[in-house]
Amino acid sequence: MDEFTRIVPTNVTEDIIKNYLTDGKTMLDIKSLPLDDKVAIIKIALNCDDVTDPLMVMNLINLVKVYNTLADEYFTSPDIYVNSVEELLDLKLAISKELKEFTRRISLYFLSLFKSYSKTAFTATDEHIELPKLYDTIFRAVDFLTLAGIFAKTPEISTKELVYVDNSYSILSMLLMKNNNTLRMMNQLFENQKGD
């Protein structure tokens with residue numbers, strides 16, 4: 001795998017930012033940028049299904065997941081785009097419409113994985129899609145608890161919007177394995193606590 005180059009963008013035009021987000025070589029470092037530039041860049045990312053920038057993906061996940069630490073270490077991390085609780089709140093307010101739609105799309109694809117789970121092969125008449133890169137990366141990076149939390153705060157959706165997704169079996173199987181590993185670790189922790 002090629003290494004990513006970390007850059008602070010100096011030009012915030014949509015074409016340039018989209019190129020950085022999807023080139024598979026660049027990580028945008030926008031921590032030091034003014035809030036308005038952060039808002040513009042994150043809005044572009046939220047509407048780009050082909051994001052490959054791992055730093056951006058991590059920050060997008062942090063914006064929509066339910067459980068976040070807001071300790072000082074979180075805001076001082078060079079990988080976290082926001083510098084304070086106030087900036088986080090201002091950012092979320094400025095992109096609230098886009099975040100709501102992004103959360104909805106995550107939930108639609110999440111439920112679509114279940115719809116597709118039993119499909120090991122598609123017929124010629126089946127309409128199916130490859131999971132967009134951004135969402136595939138998100139599902140591989142998080143766990144069921146995180147996805148359930150995102151789904152819990154999603155605006156109402158209709159099952160008519162669900163689609164058949166290629167490779168849903170492998171994605172859900174991976175999520176199940178992660179969940180089982182977490183449960184096994186938690187049980188071991190509880191057993192160790194009983195012994196003390």
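Structure values in brief
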quantity: Some residue of region 65-81 being polar (S, T, N, Q), touching a residue at least 40 places away in the same chain (Cβ under 8 Å) and outside the structural domain of Ile150 (by TED's automatic domain parsing); calculated: no
quantity: Selection count, region 182-196, where residues are at pLDDT below 80 and of a type in the set (Lys, Arg); calculated: 1
quantity: Qualifying positions in region 30-67 - surrounded by 21 or more Cβ atoms within 10 Å (Cβ to Cβ) and outside any helix (DSSP H, G or I); calculated: Ile30, Val51, Asp53
quantity: Which listed residue, of Thr120, Thr154, is within 23 Å of the chain's Cα centre (by Cα) and of a type outside the set (A, V, I, L, M, F, W, C); calculated: Thr154
quantity: Residue under evaluation Val82, criteria (1) buried (at least 17 other Cβ atoms within 10 Å of the Cβ); (2) over 17 Å from Lys38 (Cα atoms), criterion not met; calculated: (2)
quantity: Qualifying residue in region 35-58 (condition: farther than 26 Å from Asn19 by Cβ and out of contact with any strand residue (DSSP E or B) (no Cβ under 6 Å at 6 or more places or on another chain)); calculated: no
quantity: Qualifying residue in region 137-150 (condition: more than 19 Å from the chain's Cα centre (by Cα) and modelled with pLDDT of 90 or more); calculated: no
quantity: Options Asn187, Asn179, Asn167: the member that is at positive phi, out of contact with any His (no Cβ under 6 Å at 6 or more places or on another chain) and not assigned by TED's automatic domain parsing to the domain that holds Thr22; calculated: Asn167
quantity: Qualifying residue in region 115-125 (condition: aliphatic (A, V, I, L, M) and touching a residue at least 40 places away in the same chain (Cβ under 8 Å)); calculated: no
quantity: Residues satisfying the stated conditions in region 26-65, i.e. of a type in the set (Val, Ile, Thr) and in contact with a Lys or Arg (Cβ under 7 Å, 6 or more places away or on another chain); calculated: Ile30, Ile44, Val51, Thr52
quantity: Near pairs, Cβ below 8 angstrom, 6+ apart or cross-chain, from region 83-111 (in the same structural domain as Asp143 (by TED's automatic domain parsing)) to any residue that is acidic (Asp, Glu); calculated: Leu108/Glu161
quantity: One residue from Asp29, Asp53, Asp36 being under 15 Å from Lys133 (Cβ atoms) and either modelled with pLDDT under 95 or charged (D, E, K, R) (or both); calculated: Asp53
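The values are calculated or read from the model by the stated rules, or taken from the named source; none is laboratory data. Keep in mind the model is a prediction, meaning the values are calculated, not measured. Note: ideal-geometry Cβ built from the backbone for every residue, glycine included; neighbour counts use all protein chains shown.
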